[in-house]
Amino acid sequence: MNSDDLNCLLSLPREDERLEFKEAGEQFDTAKLMKYCVGIANEGGGHFILGVSNQTPRKVVGTRAFPNPAKIQNMIFTKLRFRVDVEEITHPDGRILVFHIPSRPVGSAYQFEGAYLMRSTEDLIPMTEDQLRRIFDEGKPDWLSELAKTEVTGAEVIALLDTQSYFDMRNLPYPKNRDSVIDRLVQERLIVSCAVGYGITNLGTILFAKNLSDFDLLARKAPRVIVYDGTSKLKTRQDKVGTKGYAVAFEGLIDFLFGLVPRNEVIEHALRRKVEMFPEVAIRELVANALIHQDFSETGTSIMIELYSDRLDISSPGEPFIPTERFIDGHQSRNERLAHLMRQLGICEEKGSGIDRVIDSVEVFQLPAPDFHVGERRTHAILFAHKDFDEMDRNERLRACYQHCCLRYVMNKKMSNQSLRERFRLSGSKAASVSQIISEAVRADAIKPDDTATTSRRYAKYVPFWA
């Protein structure tokens, strides 16, 4: 590593899955080093650097850890059974130790003392079962590439898939002949040429099927919408299962859901008007996320959208790759080809800003903070109906505080007592109550004071714990 390479890494605004800095002035725990080597290797390889501050702006502080690089390099190989090159750099401000960590092999994952570790931004966490399954399945055809139906003719492809919607959503003129339609679908890998006729891929089916029940193994992948009377599952008012592919049905699904959402009557400037219980943008983003990030390998289950009198619960099969508390700033697609094509079709974005918009719209509507959590092999995103500040319990207030802090941070702003009061629409007289919420969030390690801000408690600013 030359000086330009090092300076480039030092100038990066933050660590990520493939880069970690530690000061390690006098020493560094060997077991922790092994864990970082495993976690970074499982993310595709990268660098673990000692002797550099992990706070920005980064500075070289020097390290005395591992005085014999050859010895620790040999120890890593003996313990982990893969080679990590250790480089010692003499810098004007002190000694730097760089661990050049290779990527894991395709289809394999490294472990240390029985733990398969991965990175979530700069954190080390155990891999989920879903993540391990995905790694072990590498090299095999992914679910989206598998064939839902084989040996079909060109005419049958047109009969089974809504090709008109595909060209409309891509803003392309519909071809004048069938062969041109088929060629385009082959280019998009929605279908493939076979020895006899064509095969329709799961990707083509799940997006553009005119009727999913025409495809035996995919009929259960359609979203299901259930409307309950009241706040429990005791009485079902409506239960509807989708029939079309996601791309074909998405706008209709959103319109259908939005038509079911209750409307509240509010009075502003002496005028009465109806306001939807939930913002449409939040419903759209959460449904799109559920469709895209579901685990298709889970059988016998589908996207569930459950509407109660006080909440909307959108859940998808599988567990997320990143912790739920990092949804607002982290992004990792489970089904990259599906996400890419749905972005091209104008249904979603791949840049990971969907949850930002959900939180922002919820704050505009003055709703309780959404709840993202993992259930029994399902990931839930729950929107709640309006509550006044005095009606919110402690957990709801802390969750709103944390999400507001995250939203401010990703918008390059910092949370303050005033900004949180504005989020709850509270007057200045409630500053003490808001300060209590902030203090509890700090004690819970959800947020922390911004070290770069003023030391004045009145004007203190806060950032998320991971900032």
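Extension gain for S435-F256 works out to 60.3 nm (0.36 nm per residue, less the C-alpha to C-alpha distance).
Per residue Cα convex hull volume for region 376-423, in cubic angstrom? Write down the numbers at each step before the final one.
Numbers: hull volume 5.4 nm³, N = 48.
Taking only Cα atoms, region 376-423 has a hull volume of 112 Å³ per residue.
The alpha carbons of region 224-384 stretch over 51, 34, 29 Å along the principal axes, in descending order. With contacts taken as Cα pairs under 8 Å and at least 6 residues apart, region 143-218 reaches a relative contact order of 46 percent. Using a cut-off of under 16 Å, list every residue of region 46-75 whose amide N is near the label point 7 Å from the Cα of N7 along the Cα-to-beta-carbon line. Those under the cut-off are 58-60.
By the count of neighbouring beta-carbon atoms within 10 Å, fewest first, D393, D142 end up ordered D393, D142.
Close amide H pairs (under 5 Å, H built 1.01 Å from N) link M415 with Y462, residues at least 5 positions away or on another chain. Its relative contact order, with pairs defined as Cα atoms under 8 Å and 6+ residues apart, puts region 3-126 at 31 percent. Once the C-beta distance of E88 and R14 is scaled by a Förster radius of 25 Å, the resulting FRET efficiency is 0.45 to the nearest 0.05.
The alpha carbon gyration tensor of region 290-374 gives principal lengths a ≥ b ≥ c with a/c of 1.5 or higher and a/b no greater than b/c, which makes the shape oblate.
Here the chain is treated as a sphere whose radius is the Kirkwood value from Cα pairs; by Stokes-Einstein at 10 °C and 1.306 mPa s it diffuses with a coefficient of 63 µm²/s.
In region 143-188, the inverse of the mean reciprocal separation of distinct Cα atoms equals 11.5 Å; this is its Kirkwood hydrodynamic radius. Residues V281, V275 in ascending order of nearby Cβ atoms (within 10 Å, fewest first): V275, V281. Based on C-alpha pairs under 8 angstrom that are at least 6 apart in sequence, the chain has a relative contact order of 9 percent. Out of the trypsin sites (Lys or Arg not before Pro) in region 392-452, which ones are loop residues according to DSSP with at most 14 other C-beta atoms within 10 Å? Sparse-neighbourhood loop trypsin sites (Lys or Arg not before Pro): K413, R425. Our helix-only sum for the chain, with -39,500 (n - 2.57) per DSSP H run of n ≥ 4 divided by its residues, gives a mean residue ellipticity at 222 nm of -10000 deg cm²/dmol.
Prolate is the label for region 318-467. Its Cα gyration tensor axes, ordered a ≥ b ≥ c, give a/c of at least 1.5 and a/b above b/c. Once the chain from D450 to R263 is taken as fully extended at 0.36 nm per residue, the excess over their C-alpha distance is 63.3 nm. List the chymotrypsin sites (Phe, Trp or Tyr not before Pro) within region 157-244 that fall in a DSSP loop (any state other than H, G, I, E or B) and whose Cβ has at most 14 other Cβ atoms within 10 Å. For chymotrypsin sites (Phe, Trp or Tyr not before Pro) across region 157-244 that sit outside H, G, I, E and B with at most 14 neighbouring Cβ atoms in 10 Å, the list is empty. From least to most packed, judged by other beta carbons within 10 angstrom and beginning with the fewest, S416, S435 follow the order S435, S416. The reciprocal of the average 1/r between distinct C-alpha atoms defines the Kirkwood hydrodynamic radius, which for region 169-305 equals 17.8 Å.
Highest average first, the peptides 294-306, 106-118, 35-47 ordered by how many other beta carbon atoms sit within 10 Å of their residues are 35-47, 294-306, 106-118. Given their separation in residues at 0.36 nm each and the Cα-Cα distance between them, L172 and T78 gain 28.1 nm when the chain is fully extended.
FRET efficiency for the pair V442 and V186, taken as 1/(1 + (r/R0)^6) with r the Cβ-Cβ distance and R0 = 60 Å, rounds to 0.60.
Quick note: the coordinates plus some simple rules give every number you see, no bench work behind them. In this text the structure is predicted, and so the values were computed from the model without any measurement. Please note: Cβ atoms are built from the backbone with ideal geometry, for glycine as well, and neighbour counts cover all protein chains shown.
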